[in-house]
């Protein structure tokens, strides 16, 4: 991707990702004294055009450079030599589209990150598979918390991080002062979640003193009469119906405006469910996990949690200050089905003989659940328990499609009630993966499923209020496909040219800024 940049007096802002795309955010602030990236995330849009997980992955950093998925800046990466060309990277939160490329940076690049954001990145990595693109032992982490005012080493940039509410906990917005300017960066945020007060504190900090520029996310900003994601979704639903005929499960969308609406509607649907309830959530949305647990408890059902999510909850409670996490007590741990290696089979043991766990982190989770007196389900007996006592449980998982095959192994599929409680697929690749889920639901006889969700991102009305409160001299949209729509909310919106090249901006702190 060509760098798109604004010159703000002695400061310049370069876009290396996040322009007309959701995610992939990489914004480079430069001054005469140095430079710092605001986020350094993975671009699903760019990488998805050339690569496909897990079959056709990029081979190494040069693969990503060649397609424009990374800034082509010599010395920036761990494959380079010489002094790093930037003074640091600031990370807003733990979603991959904001932190996913940090592990590729050169060892000498300091990474300023929230203390609990860093903990979440660690916990996620510990329960995942190590690959060249997520090995971060060399990274120079510089943790902070709200109230800290770190100075970016080697520059005059002073960072003011303030917590915000988002679908990933431990998220931050920032105010950066340097080069005689004051710049706000929202990261990703919302004001309708369980911790909306955090976002309000960030907005208050933005408005405390004159703001030269606000870099503002706009994930949910789109024309009222034309949303490409909705159009794609509708097209794919028609394709599924034609392919699957009347077997295709029908989506029932339930309108929710706030997290408490999600809890109320989940409680209603779970309370009426006849079968085993499966709720799909995003892996880092621990607030939604908490909401599902509250709804299940109100309906007299027990929450069942797959091992990776359980590890995230267990370690989150132990290593972070994150509030409202699902307790271990009274929940059920679900271990994935695992075959015993062929060379470990005993005399007379079948080829599909199972073992409880493979990995150290799994064994730690099992020990924690058993120490709390909570149930651990694994193997065929565990799946049989879920099938035979299906009205007793709610399974909450990031990927239900991996659980459904196990529930019908050596048995007839049981009755399923499925709830999608996360953002719907937003590109072709994700839509085709969703096709597999619909086929499994149809096999279980599920004729309709519910979509009960609120976004992790602020609504257009809330964004407008935030912009009005911040009252910046200039507004720069990011993390949106429709930056020009911000012009309805501010008289000086700076939108870089799609073809690349610099957009030169002139003007004083509170004066008129123009291209």
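The values are calculated or read from the model by the stated rules, or taken from the named source; none is laboratory data. Since the model is a prediction, treat every value here as computed from it, not as a measurement. Methodologically, a virtual Cβ is constructed for each residue, glycine included, from the backbone with ideal geometry; neighbour enumeration extends over all protein chains shown.
Is region 368-381 home to any residue that is under 20 Å from residue 312 (Cα atoms), in the same structural domain as residue 267 (by TED's automatic domain parsing), part of a helix (DSSP H, G or I) and within 29 Å of the chain's Cα centre (by Cα)?
Yes, the conditions are met somewhere in region 368-381.
Residue 350 passes all but one of (1) out of contact with any strand residue (DSSP E or B) (no Cβ under 8 Å at 6 or more places or on another chain); (2) in a loop (DSSP other than H, G, I, E, B); (3) at pLDDT 95 or above; which number fails?
Here residue 350 meets the rest and fails (3).
Any residue in region 329-344 that's without any contact (Cβ under 8 Å) to a residue 60 or more places away in the chain: show its pairings with residues that are exposed (fewer than 14 other Cβ atoms within 10 Å of the Cβ) and outside any loop (DSSP other than H, G, I, E, B) at Cβ separation under 9 Å, as long as the two are six or more apart or on different chains.
333/370
Report, by residue number, each residue of region 136-165 that is surrounded by fewer than 19 Cβ atoms within 10 Å (Cβ to Cβ) and in contact (Cβ under 8 Å) with a residue 60 or more places away in the chain.
If the condition is that a residue be surrounded by fewer than 19 Cβ atoms within 10 Å (Cβ to Cβ) and in contact (Cβ under 8 Å) with a residue 60 or more places away in the chain, then 138, 153, 154, 156 are the ones that fit.
Pull up region 163-194, narrow it to residues that are within 20 Å of residue 143 (Cβ to Cβ) and not in a strand (DSSP E or B), then point me to the one that is nearest to the chain's Cα centre (by Cα).
The selected residue is 168.
Can you tell me which residues in region 418-450 are at pLDDT 90 or above and surrounded by fewer than 16 Cβ atoms within 10 Å (Cβ to Cβ)?
443, 445, 447, 448
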